[in-house]
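The values are calculated or read from the model by the stated rules, or taken from the named source; none is laboratory data. Keep in mind that this is a model prediction, so the values were computed, not measured. Quick reminder, even Gly has a Cβ in these numbers, built from the backbone with ideal geometry, and neighbours come from all protein chains shown. For the accessible areas, the whole protein counts, side chains as well, though only heavy atoms, and no ligand, DNA or RNA atoms are used. Shrake-Rupley method; radii C 1.70, N 1.55, O 1.52, S 1.80 Å.
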Amino acid sequence: MTTAKTETVAQSAPSTGKNEQWIEKAKAHLLQNYKQQPIVIERGLGSRVWDADGREYLDLLGGIATCGLGHCHPEVVVAVKAQLEKLWHISNVFYSEPQIELAARLTTASGLQRAFFCNSGAEANEALIKLARKVQKDRGNPDRYEVITFHNSFHGRTLATVTATGQTKYQQGFEPLPAGFTHVPYGDLEAVRKAVGPNTAAILVEPIQGEGGVRQAPPGFLKALRALCDEHGLLLLVDEIQTGMGRTGKVFAYQHEDILPDAISLAKSLGNGMPIGAMLCTDAAGKSLVPGTHGSTFGGNLIAAVAANVVVRKVTEPKLLREVTQKGEYFLTRAREIQSRLPTLIKEARGRGMLLGLELFQDAAPVIARCREYGLLVNAAGEKTVRFAPSYFVTHDELDQGLRIVERALKS
């Protein structure tokens, strides 16, 4: 199928009504806590997905920065099928080879020494928070329990992680929120310095704020935070849930600044869609989580672990990382050309690698809806930013196609 034909598929394919039927059933039975786009995705391959009515879409969202290798990557499929025929679950009462192999791969790639596995990003960030408090208590600092985080950050939906999140819209209705979190402006080192006090245990930061509008930390900011933590005896915690596993052209985004955090959180692209999260930490910090202090029944599940092993093997290939960097630069160049043609509609194109944002002067929702009508799947990061988080194997032609659709949607 040519690119030109593909761009009209989502409009022209005959409707069988299956989308509507399934959505009506969803409205009758699912909790209505999501603003879901009105299609039912049935299958996918690479950077393409098809809905229940057979319409084809170019997917430049990738499960919200999750399917880094693309949908149904053949090596992931083979690994998961083989493991399904051997063993699914044993719990963490026992060792398993896929989990041990994954821990070895991740610690080697990160420079950290210990891995803990869970099922989601929120759980990984919960582990970071618990680690920071426990480390400080073990150091003889029982009053150090507060974590400094940033305005417009996003760290999860549990009570602790939603409180760590620097966006009040996610917190409303869940008060009283847990104590122990202070928010400061993102990228403002002086504000961080002023926020450090006798109760501060750690600083938690995203290298790029995904849900906050794909906003990148200023150059040198993470390195300065590392120095500040060392100066005051704090833990530097880096949320790599959206940026990790090759998404920015490095295996982990903190590596752009040539630093080593005390601990990081992972999820999303780690399992290429299989539900898995992880916390990696230094050996010194990890000694605080002794048996009984933390755990997860399904964490490091064998199926998710074999998928993640494929991901880590692929994203540690220098050639792939170079391609992610190059494609990200290509996308930004092309997006800025569109911005120059539509200066009253597009405020800024930004991002790194395959995590990119197009900030508009208007609300992004109607533009995203029009993109879907034209055969492109994206979503919003913040109110006015269209987010792109495609597969690392997306082609230049597919990026061009997506941007043509965005330009058409904006003009319409």
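I'd like the residue in segment 333-343 that is basic (K, R) and open to solvent by 50 Å² or more (accessible area, probe 1.4 Å) and, out of all such residues, is nearest to F94 (Cα to Cα).
First pass over segment 333-343, keeping only residues basic (K, R): 334, 336, 341.
Keeping just the survivors that are open to solvent by 50 Å² or more (accessible area, probe 1.4 Å) gives 336, 341.
On the way: R336: 52, R341: 59 Å.
Restricting to residues being basic (K, R) and open to solvent by 50 Å² or more (accessible area, probe 1.4 Å), the top hit is R336.
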Checklist line | helices (runs of 4 or more DSSP H) fully within segment 81-184 counting 1 or more residues that are among the small types (G, A, S) and exposed (fewer than 14 other Cβ atoms within 10 Å of the Cβ) | finding: 97-110
Check: Does E383 satisfy the criteria of being farther than 23 Å from A109 by Cβ, under 20 Å from the mean Cα position of the chain (by Cα), free of Cβ contacts under 8 Å to residues at least 40 places away in the same chain and surrounded by fewer than 22 Cβ atoms within 10 Å (Cβ to Cβ)?
Finding: yes
Checklist line | Matching entry among L237, L228, L270 (being within 17 Å of the chain's Cα centre (by Cα) and either among the hydroxyl-bearing types (S, T, Y) or farther than 21 Å from G328 by Cα (or both)) | finding: L237
Margin query: Step by step: first the residues of segment 186-212, then only those that are within 13 Å of F150 (Cβ to Cβ) and among the charged types (D, E, K, R), then the one that is most open to solvent (accessible area, probe 1.4 Å). Which residue is that?
Written below: D188
Margin query: Being over 22 Å from the mean Cα position of the chain (by Cα) and over 30 Å from V76 (Cα atoms) narrows it down to one residue among V184, V135, V162, V147; which is it?
Written below: V135
